[in-house]
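Quick notes on the structure that follows.
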Amino acid sequence: MQPELRPAWVLHVRPWRDSSALVDLFCLDQGVLRAVWRGARGRRAPQPQPFVPLLLALGGRGELATVHQAEVAGSAPRLHGNALFSGFYLNELLLRLMPQGEAQPLLFAAYQSVLQALADGQPLEPLLRQFEWQLLGALGYAFSLSHDTQEAPLQSDGSYCWQAGEGLQPVAGQTSPQLFSGAGLLAFAAADWQHPQALPTAKRLMRLVLAGLLGDKPLHSRQLFLSLKESDRD
């Protein structure tokens, strides 16, 4: 009986023993998990690498699965330059934040869509902010972008701060770079990326929320991107 092949993406690969690899996968029906890919450093195809759509048959017991069969499922999105770094950033977010073995079909579909959009040359920032927001929802950390913690509608001329575990709290009579404008938050909620405050608000808010989940350990993809930008200026 042929094993059932299910859609998956490789998030990260590292050598393991003589010719195998440990691969971190994002699977349609099992979420993020780690598996042994035997013979991954030999000549057998396909080779495990990020951003290649796969169909996999997995087996094994316990925390470490085994890849029994693998096929390439169509053409891979061609990521270059900043789009490639953005893809690595998404992979690292999934690895750092997603619990092992929890299926997230909506997030899986969103991941596939954003990779293709990056390959198509769509603007990076809206794609990243939207995926970060979808990831927060999958993790159970989403909050309202249209109502404050008192369930009152956000006001475009209001100022708000974000409270972990609660959401957006109105701050009356104050303006500060640390606060978020109601206009920017409402534009983010509507995905109105033409609004001048939408992207700056979304980036600052998502970075603040994700920092609380990621902890003190920096993101390697972000550090690599920044170091390469600095080297390009030299």
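May I ask you to say which residue of Ala70, Ala57 is of a type in the set (A, V, I, L, M), surrounded by fewer than 17 Cβ atoms within 10 Å (Cβ to Cβ) and in a strand (DSSP E or B)?
It is Ala57.
Give all pairs with beta carbons closer than 8 Å in which a residue from the range 8-25 that is in contact (Cβ under 8 Å) with a residue 60 or more places away in the chain meets a residue that is acidic (Asp, Glu) and in a strand (DSSP E or B); count only pairs at least 6 apart in sequence or on separate chains.
Leu11/Asp24; His12/Asp24
Yes/no per residue for (1) at pLDDT below 95; (2) of a type in the set (S, T, N, Q):
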{"site": "Phe143", "(1), (2)": "no, no"}
{"site": "Ser146", "(1), (2)": "no, yes"}
{"site": "Gly158", "(1), (2)": "yes, no"}
{"site": "Trp162", "(1), (2)": "no, no"}
{"site": "Gly173", "(1), (2)": "yes, no"}
{"site": "Leu179", "(1), (2)": "yes, no"}
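Could you list, ordered by first residue, the pairs with Cβ atoms under 6 Å in which the first is in the range 83-112 and farther than 23 Å from Glu63 by Cα and touching a residue at least 24 places away in the same chain (Cβ under 8 Å) and the second is part of a helix (DSSP H, G or I) and open to solvent by 30 Å² or more (accessible area, probe 1.4 Å), at least 6 apart or interchain?
Note: pairs meeting the criteria are Phe85/Phe225; Ser86/Leu124; Ala110/Gln134.
Need the failing condition index for Leu93 against (1) under 15 Å from the mean Cα position of the chain (by Cα); (2) open to solvent by 70 Å² or more (accessible area, probe 1.4 Å), just the number.
So Leu93 meets the others, but not (2).
For the range 175-208, give me each residue that is among the small types (Gly, Ala, Ser), touching a residue at least 12 places away in the same chain (Cβ under 8 Å) and either open to solvent by less than 30 Å² (accessible area, probe 1.4 Å) or assigned to a loop (DSSP other than H, G, I, E, B) (or both).
Answer for the range 175-208, where residues must be among the small types (Gly, Ala, Ser), touching a residue at least 12 places away in the same chain (Cβ under 8 Å) and either open to solvent by less than 30 Å² (accessible area, probe 1.4 Å) or assigned to a loop (DSSP other than H, G, I, E, B) (or both): Ser176, Gly182, Ala183, Gly184, Ala187, Ala191, Ala198, Ala202.
Take the range 134-174 and flag every residue that is open to solvent by 50 Å² or more (accessible area, probe 1.4 Å) and either within 12 Å of Val209 (Cα to Cα) or not in a loop (DSSP other than H, G, I, E, B) (or both).
Once the filter is applied, which keeps residues that are open to solvent by 50 Å² or more (accessible area, probe 1.4 Å) and either within 12 Å of Val209 (Cα to Cα) or not in a loop (DSSP other than H, G, I, E, B) (or both), the range 134-174 yields Gln134, Tyr141, Ala142, His147, Pro153, Trp162, Gln163, Ala164, Gly165, Glu166, Gln169, Pro170.
State which residue is nearest to Leu136 (Cα to Cα) when the search covers only the range 96-107 and only residues that are more than 10 Å from the chain's Cα centre (by Cα) and not in a loop (DSSP other than H, G, I, E, B).
The selected residue is Leu106.
Do you know which of the residues in the range 63-81 that are over 15 Å from Leu22 (Cα atoms) and among the hydrophobic types (A, V, I, L, M, F, W, C) is nearest to the chain's Cα centre (by Cα)?
Checking each candidate, the answer is Leu79.
The conditions are (1) closer than 27 Å to Gly182 by Cα; (2) touching a residue at least 24 places away in the same chain (Cβ under 8 Å); (3) among the small types (Gly, Ala, Ser), and Ala119 fails exactly one of them. Which is it?
For Ala119, the exception is condition (1).
Here are Glu63, Glu132, Glu92, Glu125: which of them is at pLDDT 95 or above and in contact with a strand residue (DSSP E or B) (Cβ under 9 Å, 6 or more places away or on another chain)?
Step by step, each of Glu63, Glu132, Glu92, Glu125 is checked, and only Glu92 is at pLDDT 95 or above and in contact with a strand residue (DSSP E or B) (Cβ under 9 Å, 6 or more places away or on another chain).
The values are calculated or read from the model by the stated rules, or taken from the named source; none is laboratory data. Just so it is clear, the model here is predicted, and its values are computed rather than measured. A quick note on method: Cβ atoms are made from the backbone with ideal geometry, for glycine too, and the neighbour counts reach across all protein chains shown. Side chains included, ligands, DNA and RNA excluded: accessible areas come from the protein's heavy atoms. Shrake-Rupley method; radii C 1.70, N 1.55, O 1.52, S 1.80 Å.
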